Amino acid sequence: GESVGLHLPTLSVQEGDNSIINCAYSNSASDYFIWYKQESGKGPQFIIDIRSNMDKRQGQRVTVLLNKTVKHLSLQIAATQPGDSAVYFCAENPPGSARQLTFGSGTQLTVLP
Amino acid sequence: EAGVAQSPRYKIIEKRQSVAFWCNPISGHATLYWYQQILGQGPKLLIQFQNNGVVDDSQLPKDRFSAERLKGVDSTLKIQPAKLEDSAVYLCASSARLGQFFGPGTRLTVL
């Protein structure tokens, strides 16, 4: 079946640098995407979402970019902090799925001091 | 606003025993989801409810898993009998429109 996947399983960045986490999705008809942050022992935390009629959306220190041409999603975190260390998942809402989400396997972000 | 509540947070049982997990969604959220998350993987949907009706349970192993949301608010997920491969975190999420909000999960260990 179709699924969302991530390019890199792990990412290490220096504190204060910007982080970019990438995601490739396979269903070109998906119309809604979410990035989640999951810290150890906790449930996924909603970070930011984007609809397919947009190519960029900004939040507090985070930006999501959507490139529908190559079915690519990215999460940019500005001035990465130690508290940003976590696993990041992208999720897509395939059409006709009654608002269900398909998750990728996640990227482990580690912020180095 | 209070988030999604789940209990217990941790559970250890032996194989062939039964276990139940409870979820209380965000107030007013009509849609409730149960997911299974194996270590190192993304959450996998088990069942989706809309109010007290099942929208999709195609991924639920019905020979051993059951779930209910009788009054359209809180929900219970049961496993009977448990197998070793059921060791995972069981996540509950709820939504009102787009976007799903997750609870802290229940970590199940089957010995």
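Numbers below:
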read-out: Mean separation of Cα contacts under 8 Å (6+ apart) over length of chain A, as relative contact order %; value: 37 percent
read-out: Per-residue mean of C-beta atoms belonging to partner chains within 10 Å, peptide B:37-50; value: 4
read-out: Global geometry of the protein assembly as shown, whether rounded, prolate or oblate, following the gyration tensor of its Cα atoms and the 1.5 cut on a/c; value: prolate
read-out: Cβ-Cβ FRET estimate between A:SER12 and B:ILE38, R0 fixed at 30 Å, reported to 0.05; value: 0.80
read-out: Calculated SAXS-style log₁₀ I(q)/I(0) at q = 0.10, 0.12, 0.17 Å⁻¹ - the stretch A:4-112, Debye, Cα scatterers; value: -0.25, -0.37, -0.73
read-out: Residue among B:ILE79, B:ILE13, B:ILE47 with the largest mean-square fluctuation in a Gaussian network model of chain B, springs linking Cα atoms under 10 Å; value: B:ILE13
read-out: Cα-based Rg of the stretch B:5-110 normalised by 2.2 N^0.38 Å, two decimals; value: 0.99
read-out: Dipole magnitude of chain A, debye to nearest 20 (Cβ charges: Lys/Arg +1, Asp/Glu -1, about Cα centre); value: 220 debye
read-out: Where B meets A: accessible area buried, both sides, 1.4 Å probe, Å²; value: 1600 Å²
read-out: Sites A:LYS68 and A:PHE46 - FRET efficiency at Förster radius 22 Å, r taken between beta-carbons, to 0.05; value: 0.50
read-out: Pairwise label distance in nanometres, A:GLN60 with B:TRP22, each label 7 Å out on the Cα-Cβ vector; value: 3.2 nm
read-out: Area accessible to solvent at A:ASP17, 1.4 Å probe radius, in Å²; value: 80 Å²
read-out: Accessible surface, per residue, of chain B when the full set of protein chains is kept, probe 1.4 Å, Å²; value: 50 Å²
read-out: Computed magnitude of the charge dipole of chain B (debye, nearest 20; Cβ of K, R +1, Cβ of D, E -1); value: 200 debye
read-out: Residues in the stretch A:75-113 that, when all protein chains are in place, have 20 Å² or more less accessible area than the chain alone would give (probe 1.4 Å); value: A:PHE89, A:ALA98, A:ARG99, A:GLN100, A:LEU101, A:PHE103, A:SER105
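The values are calculated or read from the model by the stated rules, or taken from the named source; none is laboratory data. All figures in this text were calculated on a predicted structure; none of them were measured in a lab. Methodologically, a virtual Cβ is constructed for each residue, glycine included, from the backbone with ideal geometry; neighbour enumeration extends over all protein chains shown. Quick note on the areas: whole protein, heavy atoms, side chains included, nothing else; ligands and nucleic acids left out. Shrake-Rupley method; radii C 1.70, N 1.55, O 1.52, S 1.80 Å.
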